[in-house]
Amino acid sequence: MVNRLHLRVMTACGLLDALIPFLEELWATGRIGQPSRTCSKLGANLNQLPKRPGLKRALQKREKPDVVVSDRSVRSLSFWRFRLRHYTKDNFNVTESVGFALIKARNLIVTEMDAALKDLDISGQQMGIMLMLKENLASTPFELSKMLGIDTGLMTRMLDKLETKGLLTRSRDERDRRVVNLSLTKAGMAVAEQIPEIAPDVLNARLKKFTKTEFDELRRLLRKFVND
């Protein structure tokens, strides 16, 4: 929460002035949710702010700004940050949450992709592994787990199945015997080369109502969500 010490330190370091446009936009346009502490706590400190009347008016009008300034350490200003709290125990609704929508979307795509890949005798998750290996984006179980967001236990089981089908091979790294290298077999490469002929149709069917702008924005937001 914003308190007088925070404002004094930020003002002294010149940080508040740099953040004023951001704060003005959030508070003055009302894009901040309902808060937990009133601006009256800042009242005595308004006169210490730089000569920016827009911010003062915004602070006085917005009674409960939902912006949290966190100070993990007053010794390092790199820890100062702004954080918006989108969900609270009062407004959380499972069917309206981002998590619910993402899981549902994931399940729909996996089911449809599994059905489309049935003739290749692989699943949607196995498809990701094979494409990563084909395009040299990963070469070890650890790299695959990190790239695909799959825990190592599940990754091992999927690799076992692909190896049993004769689609990939495992080998120990010559320089570090602890490292397991993965590579597609000739049969595996043949299967992987057919995936681009199938997967786009599944995705396009789901995206048929999206405009180009909406499609680009969806990709941007998803990359931001996964911090990529």
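What follows is calculated from the coordinates using simple rules that are stated; it is not laboratory data. This one's a predicted model, so the numbers in the text were calculated from it and none came from an experiment. In this analysis, Cβ positions are derived from the backbone assuming ideal geometry, glycine residues included, and neighbour counts consider all displayed protein chains.
Quick look at the values:
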item: Between the stretch 209-228 and the stretch 160-183, the Cα center-to-center distance that results, in Å; result: 34
item: Cα-projected label distance for N227 with S139, points at 7 Å along beta-carbon direction, nm; result: 2.7
item: Restraint check, K118/K224; K104/K161; K104/K224, Cα-Cα greater than 22 Å; result: K118/K224; K104/K161
item: Taking all pairs of distinct alpha-carbon atoms in the stretch 143-228, Kirkwood radius in angstrom; result: 15.9
item: Burial ranking of peptide ranges 84-95, 198-209 (average Cβ count within 10 Å, highest at the top); result: 198-209, 84-95
item: Quotient of Cα Rg and 2.2 N^0.38 Å for the stretch 125-193, N being how many residues it contains; result: 1.01
